[in-house]
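Here's the structure we're looking at; comments come further down.
What follows is calculated from the coordinates using simple rules that are stated; it is not laboratory data. All figures in this text were calculated on a predicted structure; none of them were measured in a lab. Don't worry about glycine lacking a Cβ; one is built from the backbone with ideal geometry, like all the others, and counts go over all protein chains shown.
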Amino acid sequence: MTPAPEAATSDRPAAADADAALVERVHRLQDEVRGLAHEHVHRFEEALRALARLATDLAEGGEAYPPGVREIARRASEECDGWALSVAAIAGRFP
């Protein structure tokens, strides 16, 4: 036998509430993921800046370091600084 029409309509509010709760949960999780991604990007930017500082130290280390290493470190320092600025600028455009 099929359920009475009244029974089918009485389940609709409960289903709508369950759907709304699920949608709310999805939005909450999406917000959490965005926050974690923002934090991850920030850590990447910090790592690039730390690498730039290390590379600068090597580049300016004088004769203790081989000339080829100093040159690579000098270029890496410039690149990492630029990359960190780019990452910060890109990340700043997104909420």
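Some notes on this structure:
- Fewest-first ordering of His38, His27 by other beta carbons within 10 Å of each residue's beta carbon gives His27, His38.
- The chain - Rg and Dmax from Cα coordinates, angstrom: 27.3, 92
- Sorted ascending by nearby beta carbons within 10 Å, beginning with the fewest, Leu48, Leu54 become Leu54, Leu48.
- The phi-based Karplus calculation (6.51 cos²θ - 1.76 cosθ + 1.60; θ = phi - 60°) puts the 3J(HN,Hα) values of region 31-44 at 4, 5, 5, 4, x, 5, 5, 4, 4, 5, 4, 4, 5, 4 Hz, whole numbers, x for Gly and Pro.
- Within region 35-95, the trypsin sites (Lys or Arg not before Pro) that combine a DSSP coil assignment with at most 12 other C-beta atoms in a 10 angstrom radius are Arg93.
- Proximal charge balance of Arg25 [Cβ under 14 Å; K/R count +1, D/E count -1]: -4
- Loop GluC sites (Glu not before Pro), region 29-72 (other Cβ atoms within 10 Å of the site Cβ: 13 or fewer; DSSP): Glu60
- Neighbour-count order for Val87, Val23, fewest beta carbons within 10 angstrom listed first: Val23, Val87
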